[in-house]
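The structure appears below as structure tokens.
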Amino acid sequence: MQCLVVSDSHGDRDILVQLLNAYRGKVDAFFHCGDSELQHDDPVFDNMYVVRGNMDFDGQLPEEQHPTVSGVPVYMTHGHLVGVNLGLDHLLANAEAVSAQLAFFGHTHQLGVERHGGILMLNPGSISFPRGEFTRIGGTYAIVTTAEKAIDVQYYDRQMQAVPELKFHFSN
């Protein structure tokens with residue numbers, strides 16, 4: 001399974017349209033981890049799993065999603081309601097509760113990926129307002145590829161170029 005994960009676009013609808021157009025038919029699913037600042041019925045979300053962030057005011061956006069894509073169970077939330085600024089324990093517990101293999105979140109605007117107890121936890125960073133060590137990149141998203149024996153993560157910049165130092169491999 002291959003999916004694109006993006007977060008914290010904060011009203012930058014154009015970048016989401018660009019990503020959808022570039023990757024349609026090339027990935028199995030699109031995930032937006034919140035703070036889009038768009039309405040739930042925006043056509044950009046027609047082919048994208050999306051959750052509500054702390055800057056999303058449309059109450060019809062769900063607080064979490066846990067779909068199964070190509071046999072891979074995924075848990076996604078924005079992160080503010082599970083305290084990701086203080087650690088990932090609550091995120092991990094929620095992912096475990098739905099037997100997820102992948103847990104996606106945003107909120108911090110800082111990219112990161114790690115694995116705990118067989119669950120890959122990934123923040124794609126903010127596509128529009130990055131923070132932290134990789135702010136210089138100017139916004140990121142991630143492509144996650146799962147296979148029987150491994151999970152690979154590659155981060156990309158806003159120009160859809162792979163960031164060589166942000167490639168990760170996790171053996172199953």
With the crude spin-label approximation of a point 7 Å out along Cα→Cβ, what separation in nm comes out for HIS90 versus HIS40? 2.2 nm
Report the charge-dipole magnitude of the chain in Debye, nearest 20, computed about the Cα centre from +1 at each Lys and Arg Cβ and -1 at each Asp and Glu Cβ. 500 debye
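Using r as the Cβ-Cβ distance of LYS26 and ASP58, and R0 as 22 Å, what FRET efficiency do you calculate, to the nearest 0.05?
Numbers: r = 29 Å, r/R0 = 1.30.
Step by step, r from the Cβ atoms, then E = 0.15.
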So what is the relative contact order for region 92-172, in percent, with contacts set as C-alpha pairs under 8 Å and at least six apart? 20 percent
Among SER171, SER128, SER9, rank each residue by its count of other Cβ atoms within 10 Å, from fewest to most, as a rough exposure measure. SER171, SER128, SER9
Tell me the Kirkwood hydrodynamic radius of region 2-171 in angstroms, computed as one over the mean inverse distance between distinct C-alpha pairs. 15.6 Å
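Under a Cβ-Cβ cut-off of 15 Å, what is the net charge of the residues other than GLY117 that fall near it, where Lys and Arg count +1 and Asp and Glu count -1? All intermediate terms of the calculation are to be shown ahead of the outcome.
Details: positive: ARG115; negative: ASP89, GLU96, GLU114.
Every neighbour counted, the sum reads -2.
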Among GLN154, GLY132, ALA22, the residue whose Cα sits farthest towards the positive end of the charge dipole of the chain (+1 at Cβ of Lys and Arg, -1 at Cβ of Asp and Glu, taken about the Cα centre) is GLN154
Sparsely packed GluC sites (Glu not before Pro) within region 100-170, loop by DSSP, other Cβ within 10 Å at most 12: GLU133, GLU148
Once you put a point 7 Å from the Cα of GLN18 and another 7 Å from the Cα of PHE129, both along the Cβ direction, what distance in nm separates them? 1.9 nm
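So which trypsin sites (Lys or Arg not before Pro) in region 1-67 end up in coil per DSSP with only 16 or fewer other C-beta atoms within 10 Å? The partial results should precede the final answer.
Numbers: sites: ARG13, ARG24, LYS26, ARG52; in loops: ARG24, LYS26, ARG52.
Sparse-neighbourhood loop trypsin sites (Lys or Arg not before Pro): ARG24, LYS26.
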Under-5 Å amide H pairs with VAL50, H placed in peptide plane, nonlocal only: HIS32
Antiparallel content of DSSP bridges confined to region 2-171, in %, to 5: 70 percent
Under 10 Å, Cα contacts only: if you run a Gaussian network model on the chain, which one of VAL69, VAL144, VAL51 comes out with the highest mean-square fluctuation? VAL69
How far apart, in nm, are two points set 7 Å out from the Cα along the Cα-to-Cβ line at LYS149 and at GLN161? 3.3 nm
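Since every read-out is calculated from the coordinates, none of them should be taken as a lab result. Bear in mind that the values here come from a model prediction, so they are computed numbers and not experimental data. Reconstructed Cβ throughout: ideal geometry from the backbone, glycine too, with neighbour counts over all protein chains shown.
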